[in-house]
Each structure stands twice: as C-alpha cells, then as structure tokens.
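Chemist: Provided herewith is a single structure, encoded as structure tokens, for subsequent inquiry.
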Amino acid sequence: MMKKMMVRCALLGAAALLLAACFNKGDYKSEYDYQLLVQFEPDEAYQWDDFVKQFFNNGEDTVAFNKSVSIEPIYHFATIDDTDGFQGGLVLACGKDTDASPDRKPSRFAVYDQKVGHLGSKAYAVFHDTTAAIMPDHEVQIALPTASSYCEAKVMYVHNVQAAIQAAKYGVGLADGPFTAGDHLTLTVSGYRSNTLTGQKDIKLIDGTKAIEEWTELDISSLSKIDAIDFHLTSSRPDFPLYCCVDNMGYHYYVLYQ
C-alpha cells in the first residue's frame, strides 16, 4: 500500500507577499518569494516518535519504503513494486554505520557517518539507481501553480552509504577487488523545465582510493529554473552498489498570480 509522507520544508527568512492593485483594470497581482530548505524529517520535532512508529516500524527499521514523499510544493519519488519491493529512486532513512570492515554485512541505507543527517538531523534520503525502465520519471518534482512561477535549485548535501565505502576500500561484492586509481562512483544531478534539460552537475563520491566521508555541499545553482530533478549514479565497476545519501536541498521558489 502506498503511503504519503509529510516531512519538513523550512522557510529560510520571511516569506514576501506583495500585493499590487491595478485600479484601472480592476485586478491585482500577488507574488510569493521563498527560500526553501527541504529536510527529510517530520514537520515538527515532537512528531518524531510517531514518525518512527509509522514509517520505521517502531525503530526496528532504518529505512522507509514509500512511493512518494511529499514536502509541498516539492515531491520525491521512488519505484516500489508490490512483489519485488524497492526498485529505485529516493527513500527516507535514519541509519548510520561507520564500520566498513570487510567482515561486516553491507548496509545500503546507512550513512557512513557518526551522526545521521546533515548538521545532526535525524533523517535523510537515500538514492538508488538501477535500470532506467523501472526508475521514477523524476526523483524530484516541483509544483508550479502558474506559468509565471519558477523554482531555482541552489544547494544540496551528499554523502556515501556504508556499503559503498566498504566495497571501494575492501572490494566487498566486487569481482575485481578494491578501487584503484581511475575507479569512481559519480553522482549526476540534472535539472528539467517542461521536460527540457536546464543544466547538470557532477560530483565524484568516490575517486580512486579517496571517498567522501562527511556531509558535503554540492552547488546545484547551474540547474537554473526547474520543475524536476533527476539523479544518476555511475561507476567504473559494473557490480558496484549504486546508492548514495542526500539531505538539505535548498531552493528559491517564486510564485506569481496575476
């Protein structure tokens, strides 16, 4: 059964509501200008216990498999098959694991960090890439109520999962062993407006023997004005686990009614 999850979307600074009356025409114009920060947590801190009970199985699980995560006006999607389960896209997670030793069971949904989300938040999102045919149309979609409205991507934070660090360092699950020079795990973030590509930004999560091991800022302002975002993970190894962590996605959101 599909669950719709409401999580936090913080307003950074005061929202500007501007009303301009055009008395000669008898109409008006309304503008709303926000800086939005998407945090993958409940709307309010006091809701955390209920959040864990409902979506993380009373704390027994560290990942919540849902077809959509609603952070209005921004929506996040995953492909969940009734038979095969999670196929790809974005899901919520709240686990952490800094032990990547080769005898440990790989954890695809635990961030490789001593804290959980960016700046110590309690949850984040995990992206998994797989066959394009079963991925969501877009991992992120932004609702724009009028043709004059727009949303600009600004920033996001990325991290590795424990399984990726373990595979790169020790070759766990890899036919050709640990990563060496030239090997990589790369995240590509693509922006779209009306299904037209507006821009892309790449970051190497793992580059040879070097890996991101803390929440790292990624400037995505080059995506420009968007109504959708796609993520894509690629690796030099065909058997590498294509997972990564995402948190605190920032946007400039402008709405114009006239």
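Chemist: Taking springs between alpha-carbon atoms closer than 10 angstrom, which of Glu139, Glu72, Glu213 fluctuates most in the Gaussian network model of the chain?
Modeler: Per the Cα network of the chain with a 10 Å cutoff, Glu72 tops the list.
Chemist: Quote the charge dipole size of the range 184-258 about the Cα centre in Debye, to the nearest 20; the model charges only the Cβ of Lys and Arg (+1) and of Asp and Glu (-1). Each step should come with its number before you reach the end.
Modeler: Values: 6 positive and 10 negative charges, 54 e Å.
In total the dipole reaches around 260 debye.
Chemist: Something else: Give me Ile134, Ile165, Ile212 sorted ascending by neighbouring Cβ count inside 10 Å, so fewest comes first.
Modeler: Values: Ile134 12, Ile165 24, Ile212 21.
In order of increasing Cβ crowding within 10 Å: Ile134, Ile212, Ile165.
Chemist: Further, regarding this structure: What percent do you get for the relative contact order of the chain when only Cα pairs under 8 Å and 6+ apart count? All intermediate terms of the calculation are to be shown ahead of the outcome.
Modeler: Working: 652 pairs, mean separation 59.3, N = 258.
Relative contact order, the chain: 23 percent.
Chemist: Given springs between every Cα pair under 10 Å in a Gaussian network model of the chain, which of Thr98, Thr146, Thr216 has the largest fluctuation?
Modeler: Thr146
Chemist: Putting +1 on Lys and Arg Cβ atoms and -1 on Asp and Glu Cβ atoms, find which of Ile80, Gly173, Thr186 reaches farthest to the positive end of the dipole of the range 4-257.
Modeler: Positive-most Cα among the choices belongs to Thr186.
Chemist: Which links in Lys29/Lys122; Lys67/Lys154; Lys122/Lys201; Lys96/Lys204; Lys53/Lys210 stretch past 32 Å when you go from one Cα to the other?
Modeler: Working: Lys29/Lys122 40 Å; Lys67/Lys154 25 Å; Lys122/Lys201 27 Å; Lys96/Lys204 21 Å; Lys53/Lys210 37 Å.
Among Lys29/Lys122; Lys67/Lys154; Lys122/Lys201; Lys96/Lys204; Lys53/Lys210, the Cα-Cα distance tops 32 Å for Lys29/Lys122; Lys53/Lys210.
Chemist: Could I ask something else about it? Return an integer: the convex hull volume of the alpha-carbon atoms of the chain, in Å³ per residue. If you can, show how the numbers build up before the last one.
Modeler: On the way: hull volume 37.2 nm³, N = 258.
So the per-residue Cα hull volume is 144 Å³.
Chemist: Which log10 I(q)/I(0) values, to two decimals, does the range 36-133 give at q = 0.10, 0.14, 0.15, 0.21 Å⁻¹ under the Debye formula with one point per Cα?
Modeler: Debye output, listed in q order: -0.29, -0.57, -0.65, -1.22.
Chemist: Taking a quarter of the surface of the convex hull around the Cα atoms of the range 171-218, what do you get in nm²?
Modeler: Details: hull surface 19.8 nm².
That works out to 4.9 nm², a quarter of the Cα hull's surface.
Chemist: Using the number of other C-beta atoms within 10 angstrom as an exposure proxy, rank Glu214, Glu152, Glu41 with the fewest first.
Modeler: Numbers: Glu214 13, Glu152 18, Glu41 23.
With the sparsest Cβ surroundings first, the list reads Glu214, Glu152, Glu41.
Chemist: Ok, one more. Please compute the net charge surrounding Asp230, taking Lys and Arg as +1 and Asp and Glu as -1 over other residues with Cβ under 11 Å from its Cβ. All intermediate terms of the calculation are to be shown ahead of the outcome.
Modeler: Details: positive: none; negative: Asp129, Asp137, Glu139.
Counting the neighbours of Asp230, the net charge comes to -3.
Chemist: Here's another thing I want to ask about it. Using the charge dipole of the range 4-257 (Lys, Arg: +1 at Cβ; Asp, Glu: -1 at Cβ; taken about the Cα centre), state which of Ala110, Ser68, Leu256 has its Cα farthest towards the positive end.
Modeler: Positive-end residue among those listed: Leu256.
Chemist: Anyone know which of Asn195, Asn160, Asn66 comes out most mobile in the 10 Å Cα GNM of the chain?
Modeler: Taking springs between Cα atoms under 10 Å, the residue moving most is Asn195.
Chemist: Counting only C-alpha contacts under 8 Å and six or more residues apart, can you give the relative contact order of the range 182-258 as a whole percent? Let's see the in-between values first.
Modeler: Values: 113 pairs, mean separation 28.0, N = 77.
For the range 182-258, the relative contact order is 36 percent.
Chemist: Quick check for me: using +1 on Lys/Arg Cβ and -1 on Asp/Glu Cβ, what's the dipole size of the chain about its Cα centre, in debye to the nearest 20? Mind showing how you got there, number by number?
Modeler: Numbers: 21 positive and 34 negative charges, 66 e Å.
Dipole size: approximately 320 debye.
FYI, it's all coordinate maths here, none of it is from the lab. Owing to the predicted nature of the structure, the values given are computational and were not obtained by experimental measurement. In this analysis, Cβ positions are derived from the backbone assuming ideal geometry, glycine residues included, and neighbour counts consider all displayed protein chains.
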